[in-house]
Amino acid sequence: MPAPFGINMPHIPKADLEKMVLIGIAGFIIVLSLIQFAMVPSFRKLGELKKEIIKEKETLKKDEALIASKSQLQARLAAAQERLKVYENAMPRYSEMPGILQKIAEVAYENKVKIIKVEPLRTDKSEPAKPKAAPAKPGAKPEAKKPASIYMEIPIQVEVKGGYHALGQFINGVETAVNIMSIGDIEINANPEDMQNHNARLLIIAYVLREETQSK
């Protein structure tokens, strides 16, 4: 049968044709192997990149959590500082006794009570002498030390003059003041020269922090 389009095809023996097919298949396999070999580093890099992305995402989450916790800690710190200011105002240092006396005067003025006399009474700021402890018995556990008191009670003798209702408001104002104070004793006497106002003597106990406690 004549070749199409007038092209004369050379006659190739069957054995040579089979060799050519085998060579072609072998070449294709070699090329494919080379392509796969060349792409192995790329696949490895992609795997490493995927691991790095996962690691960075985890780090980012930790950083975000740390930022959130830092904001919460800052808010807690600010709240604690505010509470500390309230506590310091409620129980000031012993050296701030003039401020406590001024507060008592302000409460009296607000309730229309006239102060006749204000006098802090002397107190021993040192700790009372403790009796010597008996020698411990062999094998006995040592007694636990009692924690030292962080505050002092300062008695203040106050003499005032005012109406019965005004005196009641003054006492309430002292007990509910920002500075912690309590009424230890009250003595009210009628004033024969002024029936509307009474003479009263109060023992106000002010609570203050010890100086060594504040310095720590």
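Within region 79-89, is there a residue that is at pLDDT 75 or above and either exposed (fewer than 10 other Cβ atoms within 10 Å of the Cβ) or not hydrophobic (A, V, I, L, M, F, W, C) (or both)?
yes
Might you let me know whether region 50-71 holds any residue that is modelled with pLDDT of 80 or more, touching a helix residue (DSSP H, G or I) at 6+ places or on another chain (Cβ under 7 Å) and in a helix (DSSP H, G or I)?
no
The values are calculated or read from the model by the stated rules, or taken from the named source; none is laboratory data. Remember, it's a predicted structure, so these values are computed and weren't measured experimentally. In this analysis, Cβ positions are derived from the backbone assuming ideal geometry, glycine residues included, and neighbour counts consider all displayed protein chains.
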